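Coordinate-derived values only; no laboratory data. Please read all numbers here as calculations on a predicted model, not as lab measurements. Positions of Cβ are generated from backbone atoms using ideal geometry, with glycine treated the same way; all protein chains shown enter the neighbour counts.
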């Protein structure tokens, strides 16, 4: 069996930036273990699979080691494939997912994701986080991930965490963040328990980061940059219990796989 496969750099204005995701459109679902094996073979942070549904499409995401409930950059990459490569001509795509309906619309050269907000709650800083980063943050919160706030952008950019310590944590991952010099805020994201030591740009993390910084800065529109080695720009807009997360994308690879 041959299947189409695309590799898209999401949250990127040009190739080799942002977060690469594999996208595999399907006519019908494959067995879960086969989709997991394809994701492991791709060895990217996420591989997205989608099929047509009554509302639009149904989407699922796999890291090299496990299925996840929400992934922003691979959803953006899937929308790019539909809008730009597969001839989808409606103004908006609706993806059914484990996190409910997710909508994506075009806004000029940007694609805007409509995701449920996950406002993080303040919590005590786990000892593993202090040990991993070698310092105590000014704040620690939790939702799907730990949100770790530092008081200087340089501390986020220069962090070299002990990943073994982060593997001791009970949530999906850790987003470290600070107010930015040129953007409203900057961040980085680590999820070693999910096979991702550092994620280049993490769309789903902004469902937590945007509500936090929106409250701190009293803003509903925020401009952010994920300051990983590849880097990526993200626009966020708060709208009640939803967060609009926008980024650009470019195609890197188009081909077919044999299974």
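Per the Kirkwood treatment, what hydrodynamic radius in Å, one decimal, follows for the stretch 121-239 from the mean inverse distance over all distinct Cα pairs?
In the stretch 121-239 this quantity evaluates to 14.0 Å.
When DSSP assigns beta bridges and you keep just the ones with both residues in the stretch 121-239, what percent turn out antiparallel, to the nearest 5?
Beta bridges within the stretch 121-239, antiparallel portion: roughly 75 percent.
If you average 1/r across every pair of different Cα atoms in the stretch 1-131 and take the reciprocal, what Kirkwood value do you get, in Å?
15.7 Å
Among 213, 29, what is the fewest-to-most ranking by other Cβ atoms within 10 Å?
Ranked by crowding around the Cβ, least crowded first: 29, 213.
Going by alpha carbons, how many degrees (0 to 90, nearest 10) lie between the helix axis of 32-42 and the longest principal axis of the chain?
Compared with the principal axis, the helix lies near 70 degrees.
If one takes the longest principal axis of the Cα atoms in the chain, at what angle in degrees, from 0 to 90 and to the nearest 10, does the Cα axis of helix 206-217 lie?
40 degrees
Compute the label zone of residue 216 within the stretch 99-140: residues whose backbone N is under 17 Å from the point 7 Å along Cα-to-Cβ.
What the label zone holds, given the 17 Å backbone N cut-off, is 118-126, 130, 135-140.
What list do you get for 239, 199 if you sort them by fewest beta carbons within 10 Å?
Ranking 239, 199 by Cβ neighbours within 10 Å, fewest first, gives 239, 199.
For the stretch 56-185, give the share of DSSP beta bridges that are antiparallel, in percent and rounded to the nearest 5; count only bridges with both residues there.
Among the beta bridges of the stretch 56-185, antiparallel pairing accounts for roughly 75 percent.
Using only DSSP helix segments of four residues or longer, with each worth -39500 (n - 2.57), what per-residue ellipticity at 222 nm results for the chain after dividing by its residue count and rounding to 500?
The per-residue figure over the chain is -5000 deg cm²/dmol.
Restricting to the chain, compute how many DSSP beta bridges are antiparallel as a %, nearest 5.
Antiparallel bridges make up about 85 percent of those DSSP assigns within the chain.
Specify, per residue and in Å³, the volume enclosed by the convex hull of the alpha carbon atoms belonging to the stretch 53-110.
89 Å³
Given N residues in the stretch 128-191, what is Rg(Cα) / (2.2 N^0.38 Å)?
Ratio of Cα Rg to 2.2 N^0.38 Å: 1.03.
Just to be sure I understand the model, the point goes 7 Å from the Cα along the line to the Cβ. What's the resulting residue 28 to residue 106 distance in nm?
Distance between the two pseudo-spin positions: 3.2 nm.
Give me the three principal axis extents of the chain from the C-alpha atoms, as integers in angstrom, largest value leading.
Rounded to whole Å, the extents work out to 52, 36, 30 Å.
Residue 162 to residue 55: FRET efficiency via 1/(1 + (r/R0)^6), r the Cβ-Cβ distance, R0 45 Å, to the nearest 0.05?
That pair, residue 162 with residue 55, gives E of 0.55.
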